Amino acid sequence: MRISYKPLWHTLIERGWTKNQLRLAAGLTTNMIANMGKDKGISMDTLVRICEALDCDITDVIMLVRDEPPTNGGKDNDRTEGTNS
C-alpha cells in the first residue's frame, strides 16, 4: 500500500487555498510540499499540523491506495481455457 495526497489537493481546491498558503499556515517546508506532490511519506506530526491548519479530518488529507498485484509477464495469457492438451 502507498499513501496518496489526492484528498488534500481536492480539499485545497474546495477551500480556495494554494499550496503556499497551506505551507505557511501549517509550518511546512517546500520540501514537504514537494514530497507530498510525489506521494512520498511525511510524519504523522506533519499530517496533524495540516489537519489543524485546514480544520479537517485525516481522510480529507490522505488515503491509502493498494499497490497493483504483480503480473507474471503475460505468460498465463497464452493459455486457452477449456482445452485439453
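The values are calculated or read from the model by the stated rules, or taken from the named source; none is laboratory data. Computed from a predicted structure; not experimentally measured. Ideal geometry is used to build each Cβ from the backbone, glycine not excepted, and the neighbour counts take in all protein chains shown. Ligands, DNA and RNA are stripped out before the accessible areas are found, and what is left, the full protein with its side chains, is counted by its heavy atoms. Shrake-Rupley method; radii C 1.70, N 1.55, O 1.52, S 1.80 Å.
Some observations on this one:
- Helices (runs of 4 or more DSSP H) within segment 2-72 that include 2 or more residues open to solvent by less than 70 Å² (accessible area, probe 1.4 Å), free of Cβ contacts under 8 Å to residues at least 24 places away in the same chain and out of contact with any Leu (no Cβ under 8 Å at 6 or more places or on another chain): 30-37, 44-54
- Only one entry in 64, 47, 12, 22 is over 22 Å from residue 2 (Cα atoms) and not basic (Lys, Arg), namely 22.
- Residue count, segment 12-36 (criterion: of a type outside the set (A, V, I, L, M) and touching a Lys or Arg at 6+ places or on another chain (Cβ under 8 Å)): 3
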